[in-house]
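See below for the structure under consideration.
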Amino acid sequence: MSKVAVNAAINVMERHIKALNSLNESALASTLHFPHYRLAGAKLDCWQTKETYLTDFRMRAGSKWAYSEWGSIKIQTSAEHKVHLSVQVVRYDDNDEVIADFESLWVITFKENKWAAQFRSSFASA
């Protein structure tokens, strides 16, 4: 395992959840490579640019969504420029009640001189 790559990937995940929960579109986009891909069920989504990413997330997460947390992040494997993470995603409403809890595979890569998420495969219902 590449310790540098793993540390960089964990940093991306920490910045991602902080940006998502604060609805900081620019900071969120900085944690993603574009095009960015997400496989949920048999549907593959692709965001070519950052402009609609946060709006699309809000629609997928639903009107009850207030914030998310990583239930767990486990390193699956890593190389010099890529890390695979097994992530437990937990979404909450305003009453701190769980509205979604699912597993997801994140692929964090180093390209264009930055570490960011390139791809996710999620077991989310939306």
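The values are calculated or read from the model by the stated rules, or taken from the named source; none is laboratory data. Predicted model only: the values in this text are computed from it and were never measured. Here Cβ is always computed from backbone atoms with ideal geometry, including for glycine, and neighbour counts include all displayed protein chains. Remember, those area values only see protein heavy atoms, side chains included, never the ligands or the DNA or RNA. Shrake-Rupley method; radii C 1.70, N 1.55, O 1.52, S 1.80 Å.
Some values worked out for this structure:
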{"item": "Enumeration of residues in the range 30-62 that are closer than 16 Å to Thr109 by Cα and either assigned to a loop (DSSP other than H, G, I, E, B) or modelled with pLDDT under 90 (or both)", "result": "Ser30, Thr31"}
{"item": "Close pairs from the range 33-54: first without any contact (Cβ under 8 Å) to a residue 12 or more places away in the chain and surrounded by fewer than 17 Cβ atoms within 10 Å (Cβ to Cβ), partner in a helix (DSSP H, G or I) and not hydrophobic (A, V, I, L, M, F, W, C), Cβ under 9 Å, at least 6 apart", "result": "Asp45/Asp56; Asp45/Arg60; Glu51/Glu25"}
{"item": "Residue count, the range 63-77 (criterion: under 16 Å from Ser104 (Cβ atoms) and free of Cβ contacts under 8 Å to residues at least 40 places away in the same chain)", "result": "5"}
{"item": "Residue match in the range 13-25 (condition: open to solvent by less than 20 Å² (accessible area, probe 1.4 Å), farther than 14 Å from Ser121 by Cα and over 11 Å from the mean Cα position of the chain (by Cα))", "result": "no"}
{"item": "Residue in the range 95-103 that is part of a loop (DSSP other than H, G, I, E, B), surrounded by 13 or more Cβ atoms within 10 Å (Cβ to Cβ) and β-branched (Val, Ile, Thr) present", "result": "no"}
{"item": "Whichever residue in the range 63-93 is closer than 21 Å to Lys114 by Cα and not in a strand (DSSP E or B) and, among such residues, is most open to solvent (accessible area, probe 1.4 Å)", "result": "Glu80"}
{"item": "Unique residue being touching a residue at least 40 places away in the same chain (Cβ under 8 Å) and either under 22 Å from Val4 (Cβ atoms) or acidic (Asp, Glu) (or both) when the list is Glu97, Glu80", "result": "Glu80"}
